[in-house]
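I have placed the structure first, in the form of structure tokens, so that the comments after it can refer back to it.
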Amino acid sequence: MKVYQVLLVEDDGTNAGVIINLLERYNFLVTHVTDGILALSRVRFKEFDLIVCDIMMPHLDGLSFIEKGKEFYKQTPVVMLTSAGDKEMIVRAAQSGVSAYLLKPVTAEALFEKIAPLLHLSPDSLIDKKLFPLHLDYNTPSLTEIYMKIEGIPWRKDKGRIFESFSHFLAGRSFFTDLHISIESHFFLDGKALPILEDFLIGLAQKTKIRSKNIQIQSAYLKSLGTSLKEYDCLRDVFII
């Protein structure tokens with residue numbers, strides 16, 4: 001299972017919102033910027049699986065970004081957003097190595113038809129988050145222990161839901177010392193899963209007196225990340241098995 005990293009370069013908020021919603025319904029994480037200069041700053045320091053770029057933008061247009069940025073993103077496929085009247089731009093884009101063109105306004109069918117061959121997507125490659133809604137379950141084998149199970153994939157409004165659910169569960173409980181969290185692998189098919197977990201642990205530290213060493217997270221995926229968790233202070237300090 002993979003989360004595909006997409007750089008979206010689009011100054012029109014409506015068009016950008018449509019594309020982000022279409023992609024992030026599945027296992028894509030979209031980084032959105034509004035002009036070519038910002039896009040250049042991203043490709044210099046981060047690798048992407050796909051770039052989706054508009055042509056006409058302020059400061060640095062899409063074609064200029066492609067011409068200047070290809071030394072950084074190298075073999076990353078680029079889908080150019082175009083309008084029906086952009087024929088001259090399309091010719092210039094073809095000469096710059098654009099992989100495909102997508103006519104605006106963007107539809108789901110057209111978008112996935114273009115990107116599927118570029119990313120070598122099979123029917124099993126895409127995970128529809130609507131089919132795996134976030135579900136939280138709790139068990140208390142003793143007065144001082146809480147077992148928490150996280151299933152499904154967080155999406156859109158689920159960012160603060162874990163902490164809200166846990167806070168509701170804690171209502172009326174006076175004390176606990178140990179928290180055991182089991183996380184299903186599908187959870188990490190959302191590109192924001194790690195920040196969501198980090199925010200939950202930060203909120204937990206602020207609301208309760210539990211110590212990091214008494215929080216145990218069972219997740220093969222988290223364990224495989226090892227030192228990659230160093231930017232997440234709370235996740236780094238808990239016990240991961």
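The values are calculated or read from the model by the stated rules, or taken from the named source; none is laboratory data. Being a predicted model, the structure only gives us computed values, none of them experimental. Methodologically, a virtual Cβ is constructed for each residue, glycine included, from the backbone with ideal geometry; neighbour enumeration extends over all protein chains shown.
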Scope the range 115-135; condition out of contact with any His (no Cβ under 6 Å at 6 or more places or on another chain), surrounded by 14 or more Cβ atoms within 10 Å (Cβ to Cβ) and of a type outside the set (D, E, K, R); matching residues: I115, A116, L118, L119, L121, S125, L126, I127, L134
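Does I183 fit the bill of being closer than 18 Å to L235 by Cα, buried (at least 18 other Cβ atoms within 10 Å of the Cβ), in the same structural domain as K213 (by TED's automatic domain parsing) and touching a Ser or Thr at 6+ places or on another chain (Cβ under 6 Å)?
Values: closer than 18 Å to L235 by Cα: yes; buried (at least 18 other Cβ atoms within 10 Å of the Cβ): yes; in the same structural domain as K213 (by TED's automatic domain parsing): yes; touching a Ser or Thr at 6+ places or on another chain (Cβ under 6 Å): yes.
Yes: the conditions hold for I183.
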Quick one: is A39 of a type in the set (G, A, S), crowded, with 17+ Cβ neighbours inside 10 Å and assigned to a helix (DSSP H, G or I)? yes
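Suppose we filter F112, F169, F163, F175 for residues that are buried (at least 17 other Cβ atoms within 10 Å of the Cβ) and either under 17 Å from P77 (Cβ atoms) or modelled with pLDDT under 95 (or both); which single one remains? Steps first, please.
Working: F112 fails: buried (at least 17 other Cβ atoms within 10 Å of the Cβ); F169 fails: buried (at least 17 other Cβ atoms within 10 Å of the Cβ); F175 fails: buried (at least 17 other Cβ atoms within 10 Å of the Cβ).
Selected residue: F163, the only one of F112, F169, F163, F175 that is buried (at least 17 other Cβ atoms within 10 Å of the Cβ) and either under 17 Å from P77 (Cβ atoms) or modelled with pLDDT under 95 (or both).
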Which numbered condition in (1) polar (S, T, N, Q); (2) under 26 Å from the mean Cα position of the chain (by Cα); (3) within 30 Å of K157 (Cα to Cα) is the only one that Q75 fails? (3)
From the options K87, K46, K104, K68, residue that is on the phi < 0 side of the Ramachandran plot, surrounded by fewer than 20 Cβ atoms within 10 Å (Cβ to Cβ), within 21 Å of the chain's Cα centre (by Cα) and of a type in the set (D, E, K, R): K46
Hey, A93 of a type outside the set (S, T, Y) and free of Cβ contacts under 8 Å to residues at least 24 places away in the same chain or not: no
Looking at I20 and the list (1) within 27 Å of W155 (Cα to Cα); (2) part of a loop (DSSP other than H, G, I, E, B); (3) not basic (K, R), which single condition is not satisfied? (2)
